[in-house]
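In what follows, a structure is listed as structure tokens, so that the remarks can point back to it.
The values are calculated or read from the model by the stated rules, or taken from the named source; none is laboratory data. What you see is a predicted model, and the numbers here were worked out from it, not measured in a lab. Backbone-built Cβ (ideal geometry, glycine too); neighbour counts: all protein chains shown. Side chains are part of the model used for accessible areas, which takes the heavy atoms of the whole protein and leaves out ligands, DNA and RNA. Shrake-Rupley method; radii C 1.70, N 1.55, O 1.52, S 1.80 Å.
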Amino acid sequence: MACNSATCNSSGCYKEYEVEEEQRQPTTRGGINGSATTHQNLCVKCKSNEPVCCGIGGDDARFCKDCFKTNLYGKFKQAVSYNAMITPSDKVLVAFSGGPSSRVVLQFVHEMQCRAQKNFDASKDRSLPVFGVGVAFIDESSIHSFASQDAEKAIEDIRSIVSNLAPPEKELYVVPIENIFSSDNIDGKERMKKLLDAVSDVTGKEDLLIHLRMLSLQRVASQNRYTRVVLGSCTSRIACHVISATVKGQGYSLSADIQYVDSRWQVPVVLPLRDCPAQELNTLCSLDGLKIVELLNGPCSSINGLVSSFVKVLQEENPSRECTIVRTAGKLTPFHFNRIPDIHDSSVPLATRRRQKRHSIKPNGSLSSESFCPICNSPLNKSNFSSSLRSLQSNENSDIFAAAAACSSCQFQIIPKEPSLMEQFVSLLPQPLITRAKHGDRGDFSLLREQIQEFLLSDGEDEI
Amino acid sequence: MEADAKPKKSGPRLCCICNQRRAVLKRPKTLEQICRECFYEVFEEEIHQVIVENQLFKPGDRIAIGASGGKDSTVLAYVLSELNRRHNYGLDLFLLSVDEGITGYRDDSLETVKRNELQYGLPLKIVSYKDLYGWTMDEIVKMIGLKNNCTFCGVFRRQALDRGAALLKVDKVATGHNADDIAETVLLNILRGDIARLSRCTSITTGEDGPIPRCKPFKYTYEKEIVMYAYFKKLDYFSTECIYSPNAYRGFAREFIKDLERIRPRAILDIITSGENFRISTSTKMPEQGTCERCGYISSQKWCKACVLLEGLNRGLPKLGIGRSRGLNNDIKKDTKQGGGTKSIESKQCGSLDF
């Protein structure tokens, strides 16, 4: 590796990095075929230290401890710089669950910040500020049924992990998930329970929770003026998402979820560990003694659970299967919001704006105004419109806006079908979701309306 | 809603479609409890709608039904001839079978097809590997063993079906691929990273640029319902697995789909919907299509795959053309495939993957 400094973004370094990757390939195959013995079991990169063997195959079996770490950090750093995820004037919020993936992403963001700080201290003009880092933990103890002392212990551990990181200091936000209902609401817990209980499908319940978690993260981020939300989604996690989205019929919107950058949200979400398999992250945690806080959930009988055990079996059969799955899905056309929006703000220093490089980002897709599912925020395709048109015609009187504008997957697994239950469900939804539905109403509902215009007896839009 | 959410009621339940007769079955696709007559009705009507909406056939078309004697093709032959009569499609239907030359498997299943010929009054054409290529599968397996034999069989069958269709002078071939097969193919193409096939595998009609297009009238029909239909109609079909690939049905992907179907029957249709809606840019490079210099069959290379494999067999180099070869003259390639001992991710290795 030519240069690992956080502020060295020159493309030369990365090209060099890629060349290394290519050169490594033949050695890899040799290793598999058993000719590795000729290398006398040395790290394939530095050829001086013994490789670590914490996992089964993969990068960790061929590298020594240092090279393994450098390589993993390199993948992270490459994702960050190629996609302009973090610029010096940013303030990033790391979503931290306590698991290995988010632990590693926290560590890497921290290391990157340390290097930026070092460079800042050393530079003369100090034109590039050091980006800020915050950590958010979404406390879901009100939903899960683990003992309260376990939850308290977990939060305690998370506090110590974050406070033990070297300066610059990182603010930690421990946010109960029920806070998405406006904060003055005392019975948030109760409402949360009711909302989830209104969803009868096990998978639907899990998915709704995921959407609500993202909502909480967005809320924390925007309230505290963060400019990015950093997720620890690793290759394995994304591979599972590819399969489960396919199984749920979300083939159209799938490509929106699996890119490095997702600017659908008020605060753009970035996935710098997209190229790192879970196994390598686990290895790093054990090598570096990174503390993990895990709150175990019971065995899950949902589609998501079935998918992850399926992917696990495939991965055991072929160690690169997860990467292949993510690579396949990566070939799908992304959406226009899968990039960091340009900085037009002239108050941002020019040096920062200039640094916003986009090496590999092609202008993707048309900039057509997409419409989004109010529940899961996935972009809707045209065939969705016709189905929502049908539901629009069939039950005119009930509170239809949620069902009519939702994607078919949410309609099936989250929104109750019975009109009275649905009304109740909609009344329980947190404000941001309702705002989103109404917002969609303005732009895209009118599109629906246009199609049925001649059959409507009044002109007012308020009735719907 | 997940499965098994039905309330229990005492006494015989009435069919939830006609509300008159007693319900005797739970429809696999929707879990509705319905009677036998209504099941026939919805089963056939759905296929009719698929045919009409997708304009699979034109009046006067000559259609070959790829018939193996198994449940899918037997039900297809039965339902198509029924619908053709009922809705006046105006089709000339034929049965087209491929004889791979597998003793104890194909010879028996062909007997079934021959009975179907009489039962449904459809003319039958059988093309054999022996006639087309000079080799039976028995002879091929004797030479190359049980590894990669499915590659030979698959490549040869595809071409044999086209040649048989040409001999019958048909306009289209209808195959018995069902919704489970297509869902499985979508997943496999994701697992293998094959974006080109992923974009094609959910089309109901394929090969429209080739000599004879193929269509899949059972694209949305669940395997379980096909079995159920064949069972209630007491259709005569052959249900033994191929002796050279006895465990072909127990692939990971197939098992996964069955597990999914158990907790959410709709998942099979959802996978197909996903497959249809994937945002795949149309500019993906397609291999240029030419013709094989040896036999004239469509091929993107100098020789078609069947000719390469055949050349290997005849020259005593059976590994020629197997695995990833770059160009024809790269003679013997190392067999890169893993041994057959492990369970495969694919289930129907035989012929069902070449959409």
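The lone criterion from (1) closer than 28 Å to A:Asn381 by Cα; (2) away from every other protein chain (no Cβ under 14 Å); (3) surrounded by fewer than 19 Cβ atoms within 10 Å (Cβ to Cβ) left unmet by A:Asp197 is number (1). For B:Ile271, the conditions (1) at pLDDT 85 or above; (2) open to solvent by 70 Å² or more (accessible area, probe 1.4 Å); (3) farther than 30 Å from B:Ile243 by Cβ all hold with the exception of (2). Within the range A:76-99, the residues that satisfy the criterion of being closer than 27 Å to A:Leu42 by Cα and either of a type in the set (Gly, Ala, Ser) or open to solvent by less than 30 Å² (accessible area, probe 1.4 Å) (or both) are A:Phe76, A:Lys77. The selection criterion, being modelled with pLDDT of 95 or more, closer than 24 Å to B:Tyr222 by Cβ, touching a strand residue (DSSP E or B) at 6+ places or on another chain (Cβ under 8 Å) and open to solvent by less than 40 Å² (accessible area, probe 1.4 Å), does not hold for B:Leu83.
Just one of the numbered conditions (1) free of Cβ contacts under 8 Å to residues at least 60 places away in the same chain; (2) open to solvent by 30 Å² or more (accessible area, probe 1.4 Å); (3) among the hydroxyl-bearing types (Ser, Thr, Tyr) is not true of B:Thr136: (2). Only one of (1) part of a helix (DSSP H, G or I); (2) in contact with a Gly (Cβ under 7 Å, 6 or more places away or on another chain) is not met by A:Leu93, so which one is it? Single failed check for A:Leu93: (1).
Checked against (1) over 30 Å from B:Leu132 (Cβ atoms); (2) in the same structural domain as B:Ile226 (by TED's automatic domain parsing), B:Ser109 passes all but a single condition, namely (1).
This table checks each residue for (1) at pLDDT below 95; (2) hydroxyl-bearing (Ser, Thr, Tyr).
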{"site": "B:Asp4", "(1), (2)": "yes, no"}
{"site": "B:Lys9", "(1), (2)": "yes, no"}
{"site": "B:Arg21", "(1), (2)": "yes, no"}
{"site": "B:Leu25", "(1), (2)": "yes, no"}
{"site": "B:Thr30", "(1), (2)": "yes, yes"}
{"site": "B:Glu44", "(1), (2)": "no, no"}
{"site": "B:Ile51", "(1), (2)": "no, no"}
{"site": "B:Gln55", "(1), (2)": "yes, no"}
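Whenever a residue of the range A:62-76 is outside any helix (DSSP H, G or I), its partners that are among the charged types (D, E, K, R) and surrounded by fewer than 19 Cβ atoms within 10 Å (Cβ to Cβ), lying with C-beta atoms within less than 8 angstrom and at least six residues away or across chains, give the pairs A:Cys64/A:Glu50. Does A:Thr246 fit the bill of being part of a helix (DSSP H, G or I), within 14 Å of chain B (Cβ to nearest Cβ) and free of Cβ contacts under 8 Å to residues at least 12 places away in the same chain? Yes: the conditions hold for A:Thr246. Taking each residue of the range B:262-276 that is facing another protein chain (nearest Cβ under 7 Å) and looking for partners that are polar (S, T, N, Q) and in a helix (DSSP H, G or I) with beta-carbon atoms closer than 6 Å, six or more apart or interchain, yields B:Ile271/A:Thr246; B:Ser274/A:Thr246.
Residues checked against (1) out of contact with any strand residue (DSSP E or B) (no Cβ under 6 Å at 6 or more places or on another chain); (2) closer than 25 Å to A:Ile86 by Cα; (3) more than 12 Å from every other protein chain (Cβ to nearest Cβ):
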{"site": "A:Leu231", "(1), (2), (3)": "no, yes, yes"}
{"site": "A:Ile238", "(1), (2), (3)": "yes, yes, yes"}
{"site": "A:Val242", "(1), (2), (3)": "yes, no, no"}
{"site": "A:Tyr252", "(1), (2), (3)": "yes, no, no"}
{"site": "A:Asp262", "(1), (2), (3)": "no, yes, yes"}
{"site": "A:Cys276", "(1), (2), (3)": "yes, yes, yes"}
